[in-house]
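Asks: Supplied in structure tokens, the structure appears directly below.
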Amino acid sequence: MANPVMNSIVKDWSTQQTTPAGYPAMPGYQPASQQAPNPYGGQSNPYATQQGQAYGQQGAYGMPQQGQAYGQQGAYGDQMASYEAMMNAPAADAVDRGTMTFDDVVVKSIMCFGLLLMGATVGWMTGIVAMGVALVLFFASCAVTLGLALFIQFSKKIRPGAIVTYSLIEGFSLGVISCTFESFFPGIVISAVVATLVVIGTTLAAFKIGFVRNSSTLTRVAGIGSVAFFFYYLVTFVLSVTGMVDMRAVNDTPVFGIPLGVIIGLLAVFIGVLCLVRDFDAVKVGVASNVPVKYAWLCTFAIMTDVIWIYLEILKILSYFMRRD
């Protein structure tokens, strides 16, 4: 399920303090009205008065007094040299300031998806060797990943260790699911992976060129839709396990010639795409707002959950067509 915490975080980022010119405020920025008062009172340049007094005390030919005045100017020269050195120093970049960059999100995403792939490989191999053991571990891993997801989303702090652990265990669950589908429908996994990559790539390209943009309406639809689907799948799982309803028969029910399961799956993919657009926008806003680098972990987690969501829905949609064939 998509990360609902991103909604409130993006609001916080969007309302972050800006400069009078409209640019995001740098760390430590204060408006002129809130800056500390001048310690020298109303004098804009206290050294000017001291320098004037030094020259005023000079006699017509008072060389010693003039020497004292020029001696004081030596201190000003040192200050100017220090100021010039500061101005000539290289500007601090996002890394120096400890703020999030696009590279931070990309690197952490590659790492987490790599761990996800490692876990999926282990789950796949376990399913090939002993499917019974794999299924038992699958239900256990689902319970653990659900707990981790809730902990990550509602924790007051960002938990990189929990996100890394989630990637590994969720990967194992995906490996077992993929192995199960592949055993019934050979070739379905590679088709689902390719379709998922196409959906993600198309969504990212559309977002980059401005074809789709985030909005308050899109955010509400994505949030409500993801929560609604979470409870829908939770209820249908309980009904299927208890035997109260045959959900396979329900999903095979044709609606205008299309199985109901396919319609629900397409709607779920659409909600996943909306969540991806929202998360891409969250990364963009976070980088522009100079948020701390730790938020790259949360952005990575949100994007990863959306990708997993879309992959599973595409996997189910393809299974309906392969089953009919």
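The values are calculated or read from the model by the stated rules, or taken from the named source; none is laboratory data. Fair warning: this is a prediction, and the values are worked out from it, not measured in the lab. Counting neighbours? That spans all protein chains shown, and the Cβs are built from the backbone with ideal geometry, glycine included. The accessibility values were calculated without ligands, DNA or RNA, using every heavy atom of the protein model including side chains. Shrake-Rupley method; radii C 1.70, N 1.55, O 1.52, S 1.80 Å.
Asks: Would you mention how many residues in the range 269-295 are in contact with a Ser or Thr (Cβ under 8 Å, 6 or more places away or on another chain), of a type in the set (A, V, I, L, M, F, W, C) and assigned to a helix (DSSP H, G or I)?
Replies: 8
Asks: Return a yes/no flag: does the range 259-266 have any residue that is in a loop (DSSP other than H, G, I, E, B), more than 30 Å from ALA282 (Cβ to Cβ) and not β-branched (Val, Ile, Thr).
Replies: No, the range 259-266 contains no residue that is in a loop (DSSP other than H, G, I, E, B), more than 30 Å from ALA282 (Cβ to Cβ) and not β-branched (Val, Ile, Thr).
Asks: Among the listed residues MET322, MET304, which satisfies the condition of being open to solvent by 30 Å² or more (accessible area, probe 1.4 Å) and either at negative phi or not in a helix (DSSP H, G or I) (or both)?
Replies: Selected residue: MET322, the only one of MET322, MET304 that is open to solvent by 30 Å² or more (accessible area, probe 1.4 Å) and either at negative phi or not in a helix (DSSP H, G or I) (or both).
Asks: I'd like to verify a number: residues in the range 139-163 that are touching a residue at least 40 places away in the same chain (Cβ under 8 Å) and part of a helix (DSSP H, G or I), how many?
Replies: The qualifying residues number 6.
Asks: Another one. Looking only at the range 256-284, count how many residues are within 15 Å of the chain's Cα centre (by Cα) and surrounded by fewer than 19 Cβ atoms within 10 Å (Cβ to Cβ).
Replies: Qualifying residue count, the range 256-284: 1.
Asks: While we're on this one: If I ask for residues that are surrounded by 15 or more Cβ atoms within 10 Å (Cβ to Cβ), of a type outside the set (Val, Ile, Thr) and not in a helix (DSSP H, G or I), which ones from the range 183-238 would you list?
Replies: Residues satisfying the conditions are PHE185, ASN214.
Asks: While we're looking at this one, here's another question. Name the single residue, out of those in the range 151-182 being surrounded by fewer than 17 Cβ atoms within 10 Å (Cβ to Cβ) and aromatic (Phe, Trp, Tyr), that is nearest to PHE138 (Cα to Cα).
Replies: That would be PHE151.
Asks: When the range 245-255 is examined, which residues are found to be open to solvent by 40 Å² or more (accessible area, probe 1.4 Å) and touching a Ser or Thr at 6+ places or on another chain (Cβ under 9 Å)?
Replies: If the condition is that a residue be open to solvent by 40 Å² or more (accessible area, probe 1.4 Å) and touching a Ser or Thr at 6+ places or on another chain (Cβ under 9 Å), then VAL245, ASP246, ARG248, VAL250 are the ones that fit.
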